[in-house]
Amino acid sequence: MSQKLEDFDVISVVGTGSFGTCYKIRHKISKQFYVWKAIDYGKLSEEKKKLLVSEVNLLSQLQHPNIVEYFDRIVRKETCTLYIIMEWCQGGDLSALIRACRIENKKFDEPFIWKALVQISKALQVCHTRLPQMTLLHRDIKPANIFIDSKGNFKLGDFGLAQNEDECSLSDNIVGTPYYMSPEIIRGKKYDRKSDIWALGCLIYELCSLVPPFRGVTLQELVSNIKGGRYPPIPEFYSEHLHTVVTFMLTVKREFRPTIEMIIHHPLVVARVTSDP
Ligand code: ADP
Ligand code: MG
């Protein structure tokens, strides 16, 4: 697909974030909806521009049912804007669903949470173990970066902070959401695959409890709770099995924390996949 801006009508804003604004658009001929992320690259440093180019190249390589699908890019030199065209996820993002549950005093049902766990794990498995010659770390797994399509499938998106493990340096360790920051990052260690697993554990926990596992009135208190692995249990409404898997992902010592393969092949997770096709 090689498109021009004029081939689309802009319908509405779907969200704004760090890099730019996302719009829902419609292809004039096919009438299909998409999303484009409009990024003003004029203000970016050379280093950031390089990162952006690598993000876009990366996206085009990542093809998986649980990863937001990338279609094309358009560069408008006159305005220094890069448009990244991707699949429109009709169900929005998980942060909006969590907020709605909190306001309406509702809970997600347990099959929904297992489905999220299985599908996001599969997306992470691609990043961590299935790419030729690289390990991709997402580095910003959080509710606002998990999207839901029209069929109710979960999709990992927003690879704006994602990085090849080899290129990851200590200096840019503090990225992403502080609530999901892992104990090793707090201790100044390098971000690695296990730090993504920690964030996944925080995310699944938040789907159960509707608040992040680690909180604090001050940053210091938050940091101390993360280091000590102190968090309230998930609501009793959920099964012991779900509790076990979440607890496993939130293991403070990263050498004892599971890899993505261990999660996917965990008997309790496998049992879920075979019982809910
Ligand atoms: P940022 O790097 O700016 O955080 P995101 O890709 O996370 O960018 O997009 C910001 C917000 O825009 C998301 O949280 C979501 O609400 C909305 N959004 C982004 N992409 C899509 C999409 N493909 N489908 C539906 N909504 C989207
Ligand atoms: Mg985002």
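The values are calculated or read from the model by the stated rules, or taken from the named source; none is laboratory data. Owing to the predicted nature of the structure, the values given are computational and were not obtained by experimental measurement. Note that we place each Cβ from the backbone using ideal geometry, even for glycine, and neighbour counts take in every protein chain shown. Ligands, DNA and RNA are stripped out before the accessible areas are found, and what is left, the full protein with its side chains, is counted by its heavy atoms. Shrake-Rupley method; radii C 1.70, N 1.55, O 1.52, S 1.80 Å.
Any chance you could check the Cα centroid distance between segment 117-139 and segment 189-209 for me, in angstrom?
Each part reduced to its Cα centre gives a spacing of 13 Å.
For segment 88-154, what size does the Cα cloud have along each of its three principal axes, sorted from largest down, in whole Å?
46, 20, 20
Taking only protein heavy atoms and a 1.4 Å probe, what accessible area per residue, in Å², does segment 1-103 have with all protein chains in place? Mind showing how you got there, number by number?
Working: 6000 Å² over 103 residues.
Solvent-accessible surface per residue comes out at 58 Å².
Roughly to the nearest percent, how much of the accessible area of segment 1-112 is carbon and sulfur, given a 1.4 Å probe? List each step's numbers first, then the result.
Values: 3420 of 6720 Å².
Answer for segment 1-112: carbon and sulfur cover 51 percent of the accessible area.
Along each principal axis of its Cα atoms, how long is segment 190-239 end to end? Whole angstroms, biggest number first, please.
35, 28, 15
Relative to the first principal axis of the alpha-carbon coordinates of the chain, what is the inclination of helix 46-61, with its axis defined by its Cα atoms, in degrees from 0 to 90 and to the nearest 10?
Here the helix axis deviates by roughly 80 degrees.
Provide the descending list of Cα extents for segment 25-144 along its principal axes, expressed in whole angstroms.
Cα extents, longest axis first: 49, 38, 31 Å.
Grab every C-alpha pair in segment 1-68, bin the distances at 10 angstrom width from 0 up to the longest one, and report whole percents.
Result, from short to long distances: 17, 41, 38, 4 percent.
Counting only heavy atoms of protein chains, what accessible area per residue, in Å², does segment 205-253 have with a probe of 1.4 Å? Mind dumping the intermediate values first?
Values: 2550 Å² over 49 residues.
For segment 205-253, the per-residue accessible area is 52 Å².
Please work out how much length the chain gains when fully extended from residue 61 to residue 186, using 0.36 nm per residue of separation minus the C-alpha to C-alpha distance, in nm with one decimal.
Values: separation 125, 0.36 × 125 = 45.00 nm, distance 3.17 nm.
Extra length from residue 61 to residue 186 when fully extended: 41.8 nm.
Rounding to the nearest 10 and keeping the result within 0 to 90°, find how far the Cα-based axis of helix 240-249 lies from the longest principal axis of the chain.
Between the helix axis and the principal axis of the chain, the angle is about 70 degrees.
Based only on the alpha carbon positions, what is the Kirkwood hydrodynamic radius of segment 57-125, in angstrom?
On the way: mean 1/r = 0.0676 Å⁻¹.
For segment 57-125, inverting the mean 1/r across all distinct Cα pairs yields 14.8 Å.
Grab the alpha carbons of segment 170-266, take their convex hull, and tell me the volume per residue in Å³. Intermediate results must be reported in sequence, preceding the final value.
Working: hull volume 9.2 nm³, N = 97.
Convex hull of Cα atoms, per residue: 95 Å³.
Dividing the Cα radius of gyration by the Kirkwood radius, what Rg/Rh value follows for segment 224-264? Don't skip to the end; give the middle numbers.
Values: Rg = 11.3 Å, Rh = 11.3 Å.
Over the Cα atoms of segment 224-264, Rg/Rh equals 1.00.
From the mean inverse distance of alpha carbon pairs (Kirkwood) and the Cα radius of gyration, derive Rg over Rh for the chain.
Result for the chain is an Rg/Rh of 0.97.
Filter the chymotrypsin sites (Phe, Trp or Tyr not before Pro) in segment 172-272 to those in DSSP coil with at most 14 other Cβ atoms within 10 Å of their Cβ, and list the result.
Values: sites: 179, 180, 191, 198, 205, 214, 237, 238, 248, 256; in loops: 191, 214, 237, 238, 256.
Passing both the DSSP loop test and the Cβ count: 237, 256.
In segment 213-256, carbon and sulfur make up what percent of the accessible area (probe 1.4 Å)? Could the numbers behind the result be given before it?
On the way: 1570 of 2730 Å².
Here carbon and sulfur together make up 57 percent of the probe-accessible area.
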